[in-house]
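Please read the structure below before turning to the comments.
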């Protein structure tokens, strides 16, 4: 029997008498059964929800036109940044509408390219995706990982670059790991988990990661265990061989906290001893390169916006622990240091200045050399290569500039366009602004606002407010066909850089973590209020969106301020803040959110948990929840339970729906066809509920 308290007959989601006790507080969990994605009751509910959702979307007149326009705009050549190993160059390219980009190789930049790996041939629907890649130092072998249906579980294989044929190597149960080759090119290091339960591998928690060495041509069962910690179930390990081949650098991670340990193994030593260099989770240490025994790191130790330091591993540990432990090479600046590479025997430093890229070059002694002149205000990435390379490649993009690949001469300082996409739109018709507004506690927050030129500030523009606000992630200007479609229809696209992100360094991140997470929601709500006060939009024309941690953001804000927004689009969100740590890698987020097992942190989590703050009789914004049945990062139970509870609580006539994708995961590797369909549904939903007058 469906629920019929509004014009939508939502499927009946039965309620059970599950009650949990948290520090003396009893909390009901009536939809616990929806945590079983393979249960017959769950499958029946999913089918019924999708029937209602797609039934609603299909009757929106603009939906098909939007899909046609997206498909047309999407159909342009997309190039990845070239990189070189040995005598071969490699790059990715998508002809336009291919579900997955294709990896090409060539012997010189003006030589004909050859297909090395086409993931589109591995499945009929494009749901097998390349999820990892590592080329041997001589450019002769390629280790590559494949993910099916968006899962975080990855299978690794090895391909001969010259022949394009796979070798016998086959590695399983790899997750959250890359591959790093030994200098002799005979094998590589990687991390894996023990084989999971086949029936519950998409939900079970992941503990006890182990670091292995795989030798080419041997079965995985013979791989050498390099390091593991049976006493530390939550530790994960990332192995990286130094460019000179001498050392294996082991970064030890704990959850999603940016703080890490650093161990190393001298690959020329007979003992195979793993030495602890950084043995406390005190800061982030990102290995850059080494000069013999001197290791360079980007770190936020005593420098929340980042600096470059050197540590000489030959200095006795007792001395290293004292004042002589660290030598500062590049001091902290006003900008936030995102990353550093070593090219032309110089440091190439990637900074963020108010969430915009600024690339600076320093000599090895830390003296400033020059700043790379970028094409405009936007985001630059790339700058990969070897220590003595005199050329590199980078990509530049903005909200109205498709990713353009540049070739940069590190000797002359000259940038030249290497690949420029041709997209069927005119960037001169749009404008980008950066505004600063005041949050609830007085903090100044930056926000990018993009829209068509000539926009009237009459308070009546459909506006899409998108953010993330967590995990030290920085939202910088980026090009999106999806957003171009929205702006073509007269929409405003706004992106605030909330606390919890990394735009202003670790202090900015920590200001939106754990007991301070409410700051993030306050920042987002203040952004909405600023847009309304400055006549961009009004409460009947304002939609909010975000994915993953951004889905949590949307869920929290729509439950705290249902009056402020007309529509909400939470995607693959973390909605149950009391049980997130019980599935797959969810335990790792306790370093960001706090743990329900801690009483003070439980109170903070319970206070904003979207699932637990829905109130019966409230008219919530029109909502389109999106998730996927194979999401093993943020398990679909979060969205399932939130949708069921929202539909039961909601008192309005506006739709509160859930769209459940099949054979897809958290988002990575999603085929183009599924992406286009989801975007068309999202914008069609907003056109309908915001009453958008779609321009011809």
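The values are calculated or read from the model by the stated rules, or taken from the named source; none is laboratory data. Owing to the predicted nature of the structure, the values given are computational and were not obtained by experimental measurement. Cβ sites come from the backbone with ideal geometry, for glycine too, and all protein chains shown count toward neighbours.
What to note about this one:
- Breaking point among (1) touching a strand residue (DSSP E or B) at 6+ places or on another chain (Cβ under 7 Å); (2) touching a residue at least 24 places away in the same chain (Cβ under 8 Å); (3) not in a loop (DSSP other than H, G, I, E, B), for residue 89: (2)
- Checked against (1) surrounded by 17 or more Cβ atoms within 10 Å (Cβ to Cβ); (2) over 24 Å from residue 580 (Cβ atoms), residue 225 passes all but condition (1).
- Residue 421 fulfils the conditions (1) out of contact with any helix residue (DSSP H, G or I) (no Cβ under 6 Å at 6 or more places or on another chain); (2) in a loop (DSSP other than H, G, I, E, B); (3) under 30 Å from residue 588 (Cβ atoms) except for a single criterion, (3).
- Note on region 439-449: among residues that are in contact with a helix residue (DSSP H, G or I) (Cβ under 7 Å, 6 or more places away or on another chain) and part of a strand (DSSP E or B), the one that is nearest to residue 498 (Cα to Cα) is 445.
- Filtered residues of region 408-427 (kept if exposed (fewer than 13 other Cβ atoms within 10 Å of the Cβ) and touching a residue at least 24 places away in the same chain (Cβ under 8 Å)): 411, 422, 424
- Complete set of residues in region 590-629 that are over 23 Å from the mean Cα position of the chain (by Cα) and assigned to a loop (DSSP other than H, G, I, E, B): 596, 597, 598, 614, 615, 616, 617, 618, 619, 620, 621
- Scanning region 255-276 for residues that are touching a residue at least 40 places away in the same chain (Cβ under 8 Å) and in a strand (DSSP E or B) yields 264, 274.
- Condition met for residue 310 (out of contact with any strand residue (DSSP E or B) (no Cβ under 8 Å at 6 or more places or on another chain), surrounded by fewer than 20 Cβ atoms within 10 Å (Cβ to Cβ), farther than 30 Å from residue 375 by Cα and without any contact (Cβ under 8 Å) to a residue 40 or more places away in the chain): no
- Test result for residue 521, closer than 17 Å to residue 560 by Cα, at pLDDT 95 or above, buried (at least 17 other Cβ atoms within 10 Å of the Cβ) and in the same structural domain as residue 620 (by TED's automatic domain parsing): yes
- Here residue 548 fulfils each of the conditions (1) touching a residue at least 40 places away in the same chain (Cβ under 8 Å); (2) under 24 Å from residue 615 (Cβ atoms) apart from (2).
- Test: residue 376 is under 25 Å from residue 228 (Cα atoms), assigned to a loop (DSSP other than H, G, I, E, B) and in contact with a strand residue (DSSP E or B) (Cβ under 9 Å, 6 or more places away or on another chain): no
- Qualifying residue in region 524-532 (condition: within 22 Å of the chain's Cα centre (by Cα) and touching a residue at least 40 places away in the same chain (Cβ under 8 Å)): yes
- Filter result for residue 204 (in contact with a strand residue (DSSP E or B) (Cβ under 8 Å, 6 or more places away or on another chain) and part of a loop (DSSP other than H, G, I, E, B)): no
- Here region 428-453 is the region considered, the condition is being closer than 29 Å to residue 512 by Cα and without any contact (Cβ under 8 Å) to a residue 40 or more places away in the chain, and the residue that is surrounded by the most Cβ atoms within 10 Å (Cβ to Cβ) is 436.
- On inspection, residue 247 does not qualify as without any contact (Cβ under 8 Å) to a residue 24 or more places away in the chain, within 24 Å of residue 188 (Cβ to Cβ) and surrounded by 16 or more Cβ atoms within 10 Å (Cβ to Cβ).
- For region 477-519, a tally of residues being over 28 Å from residue 78 (Cβ atoms) and touching a helix residue (DSSP H, G or I) at 6+ places or on another chain (Cβ under 8 Å) returns 12.
- Any chance residue 405 is outside any loop (DSSP other than H, G, I, E, B), more than 30 Å from residue 76 (Cα to Cα) and at pLDDT 95 or above: no
- Here residue 66 passes the criteria (1) over 30 Å from residue 141 (Cβ atoms); (2) free of Cβ contacts under 8 Å to residues at least 40 places away in the same chain except the one numbered (2).
Per-residue answers, yes or no, for (1) assigned by TED's automatic domain parsing to the domain that holds residue 401; (2) touching a strand residue (DSSP E or B) at 6+ places or on another chain (Cβ under 7 Å); (3) not in a helix (DSSP H, G or I):
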{"residue": "48", "(1), (2), (3)": "no, no, no"}
{"residue": "51", "(1), (2), (3)": "no, no, no"}
{"residue": "56", "(1), (2), (3)": "no, yes, no"}
{"residue": "84", "(1), (2), (3)": "no, no, yes"}
{"residue": "93", "(1), (2), (3)": "no, yes, yes"}
{"residue": "125", "(1), (2), (3)": "no, no, yes"}
{"residue": "129", "(1), (2), (3)": "no, yes, yes"}
{"residue": "137", "(1), (2), (3)": "no, yes, yes"}
{"residue": "157", "(1), (2), (3)": "no, yes, yes"}
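- Residue count, region 26-59 (criterion: crowded, with 19+ Cβ neighbours inside 10 Å and over 17 Å from residue 10 (Cα atoms)): 4
- Matching residues in region 159-188 - criterion: being within 17 Å of residue 219 (Cβ to Cβ), part of a strand (DSSP E or B) and in contact (Cβ under 8 Å) with a residue 12 or more places away in the chain: 167, 168, 169, 170, 171, 172, 173, 174, 187, 188
- Of all the numbered requirements in (1) under 25 Å from the mean Cα position of the chain (by Cα); (2) surrounded by 21 or more Cβ atoms within 10 Å (Cβ to Cβ); (3) within 28 Å of residue 679 (Cβ to Cβ), residue 577 misses one, and that requirement is (3).
- Residues (surrounded by fewer than 20 Cβ atoms within 10 Å (Cβ to Cβ) and in contact with a helix residue (DSSP H, G or I) (Cβ under 6 Å, 6 or more places away or on another chain)) located in region 98-125: 98
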